[in-house]
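The values are calculated or read from the model by the stated rules, or taken from the named source; none is laboratory data. The structure displayed is predicted, hence computed values, not measured ones. Neighbour counts are summed over all protein chains in view; Cβ atoms, including those assigned to glycine, are modelled from backbone coordinates with ideal geometry. Calculation scope for accessible area: heavy atoms of the full protein, side chains included, ligands and nucleic acids excluded. Shrake-Rupley method; radii C 1.70, N 1.55, O 1.52, S 1.80 Å.
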Amino acid sequence: MSDHYDVVIVGAGFAGMYAIYRFRKQGLKVVALEAGSDVGGTWYWNRYPGARCDVPSLEYSYGFSEALEQEWDWPEVFSAQPDILRYANHVADRFDLRRDIRFDTRVSAVDFSEEDNVWRLTTEAGDTVEGRFCLMATGCLSVPNTPEFPGADRFRGEVYHTGLWPKDEVDLSGKRVGIIGTGSSGVQAIPELAREAAHLTVFQRTPVYTVPANRKAMRAEVQQEFRDNYRQIREMQQSNAGGVSNFRPVKSVRGRSGQPAPPPAPSAVPAAEPVAPTADSTGILDLSPEQRHQLVRERGLGVLLTFREAYVDLEANEAANAAFRDGIRDLVEDAETAETLCPTTYGLGCKRQVLDRDYYDTFNRDNVTLVDVKANPIVAITETGLSTSAADYELDVVIYATGFDAMTGALLRANITGRGGRRLADKWEHGPVTYLGLALSGFPNLFTVTGPGSPSVLCNMLVAIEQHVNWVGDCIGYLREHGYATIEALPAAEDEWVAHVNEVAEGTMYTTPSCNSWYLGANIPGKPRIFMPYVGGYPRYRQRCEEVAASDYEGFQFR
Ligand code: N01
């Protein structure tokens, strides 16, 4: 005998947590199944030193409760992982969410029963839970990728993955630490690890374009100005491509210095649609290489992100890339190390923008060595360290900062089977196919939050999550109101949507042939190369979702 719910939610990160609140409010009986021992999702698992958000906290926060907005204090402009996890816990307590969450419960199968139109979920412990609807709130970056190096299991030292960092403190003092990977996680962890370890060896396959993050403490006046304007800020988020308002505190900032507020700090989500330079603005191609270099010297690497044309025009992109490399050469003392840190095989804008604190400076430390594993690949992990094709490295600790099986990984790992016993793995054999990144033909009453084909990781995740959960909640309400048992995306609507997702990604830096990012699945051997997020901007996407709902769910069929 299994438990029966209106909605079974998989995951209790920010998406699952909001779904509990929202669905409960509309009178639905819900349960969330969560693999971790507590709430927080990404922020529960990614506890590595240096982990922090790349979207400002006053924006990377829920907008559904005015009281919550007014009562929560953010200590920094871009918060660190412990503060975001504290916020998640506060939300769970404040709205009493835990009573509907089963922790330490990993879902091993999700099966649709056509006989009674019910989703039956099996857990690794062998329990079953049934729901009329199933919401996959499993996150975009929740399945860590650990490359299989020969001999990995014989290593006698400590092994960690940034995406599965232990809750207990990891003591690296006096130890020889090796870290593999220099994406966002590696870039954040490396400066912190270097401060702690006796020696840090960084095994880099592809260098990054990283710019300094805003490291300001939150000023009470700025936070208050946000609080005073939160309704307007939430509105502004709705019409911004990346779901960030770019609200500029005027009173609090001008009041202090007498100057207008500075431009918004870099954020990893694209704040605006890329636009070409206008006649009255100076484009990067209007500057000589020396002028570009001078600009970087004066204003730092982040200035290059302000040239929006570098994201749509290959020549402008190459000009920005070259200026970036000049900037790295200025920051890193050892010329050979600087060259190894210079990205040359792809351009700015291909990958998610990485933000750092002291990254390039870290390579000026005596206890840090950079190893180019593109030139000399890792061939084995040994009992006492790691071997590349050129040398052996003795290590006490190996840290994988090697990313995630992004966007599709968690959905495929859940073993979802829809109508007629069709497996999601088969449906997605050649890449993810969804309608609006929300629903799947052949899988009635199952919804994905921030799934492939939706803006997801190209948007402020909290904004994207609330929009999806609200849409799903309204859709379930519509079904009940009209007495329908199931809703299911039509294959033609799905095909049309996938074609549109591909069309808008075409011609952007994200899909240039030289670009190999996790957005394209290129980080996982054998994964189909498809650009997975929707790059047409959050407002356009939201409008489409609203139109679909307003037209009695065009592109869906009811039974
Ligand atoms: O993962 P990644 P990540 N041998 O895939 C290397 C979010 N995030 O965890 O580029 C050697 O970007 C790989 O090399 P290459 C954010 O959305 C946000 O760092 O494949 N190296 C690369 O250097 C981000 O984009 C925040 O050649 C191997 C690295 O591992 C996303 O998560 C913080 C290898 C993986 O980089 C993922 O970031 C952290 C191999 N076999 C994460 N396999 C913030 O909010 C992989 N690599 C700031």
For region 355-402 and region 536-554, what is the separation of their C-alpha centers, rounded to whole Å?
47
Estimated distance in nm for a label pair at N117 and T508, the labels positioned 7 Å out from Cα along Cα-to-Cβ:
3.7
Nothing charged except the Cβ atoms of Lys and Arg (+1) and of Asp and Glu (-1): what's the magnitude of the dipole of region 341-478 about its Cα centre? Round to the nearest 20 debye.
840
Residues other than R120 with Cβ under 10 Å of its Cβ, Lys/Arg counted +1 and Asp/Glu -1, net out at -3
Two decimals is fine: what's Rg over Rh for the chain, C-alpha atoms, Kirkwood radius as Rh?
0.96
With unit charges on the beta carbon (Lys/Arg positive, Asp/Glu negative), name the residue among A335, A322, T345 whose Cα is farthest towards the positive pole of the charge dipole of region 309-357.
T345
For region 34-125, give the magnitude of the charge dipole about the Cα centre (Cβ charges: +1 Lys/Arg, -1 Asp/Glu; no others), in debye to the nearest 20.
360
At 0.36 nm per residue, minus the direct Cα-Cα distance, what do V159 and A499 gain on full extension? Give it in nm, one decimal, please.
118.2 nm
Going through K167/K427; K351/K527; K175/K374; K175/K527 one by one, the pairs whose alpha carbons sit over 27 Å apart turn out to be K167/K427; K175/K527
Per its Cα gyration tensor (rounded if a/c is under 1.5, else prolate when a/b beats b/c, else oblate), region 282-399 is best filed as prolate
The chain, accessible surface, carbon-and-sulfur percent (1.4 angstrom probe):
48
Separation between the R413 and L314 pseudo-spin-labels, each 7 Å from Cα along Cα→Cβ, expressed in nm?
3.8
accessible surface per residue for region 143-209, probe 1.4 Å, DNA/RNA/ligands not counted, whole Å² -> 44
Can you say what percent of the DSSP beta bridges in the chain, counting only those with both residues inside, are antiparallel? Round to 5.
40
Taking the Cα centroid of region 458-484 and of region 38-100, what is the distance between the two, rounded to the nearest whole Å?
22
Cα gyration tensor, region 417-494 - rounded (a/c under 1.5), prolate or oblate:
oblate
Disulfide-incompatible cysteines by the Cβ rule (no partner under 4.7 Å) in the chain
C53, C134, C140, C342, C459, C475, C545
All lysines inside 19 Å of K216 as judged from Cα atoms, apart from same-chain residues fewer than 8 positions distant
K251
With the crude spin-label approximation of a point 7 Å out along Cα→Cβ, what separation in nm comes out for L331 versus R195?
1.7
Computed magnitude of the charge dipole of the chain (debye, nearest 20; Cβ of K, R +1, Cβ of D, E -1)
640
Taking the solvent-accessible surface of protein heavy atoms with a 1.4 Å probe, what is the per residue accessible area of region 412-559 in Å²?
38
Would you mind getting me the FRET efficiency between R540 and E71? Use the beta-carbon distance for r and R0 = 41 Å, nearest 0.05.
0.75
Loop GluC sites (Glu not before Pro), region 126-170, which have at most 16 other Cβ atoms in a 10 Å radius of their Cβ (DSSP):
E148, E169
Please report the spacing between the Cα centers of region 297-341 and region 178-216 in Å, no decimals.
18
Judged on accessible area alone, 1.4 Å probe, highest first, T402, T210 line up as T402, T210
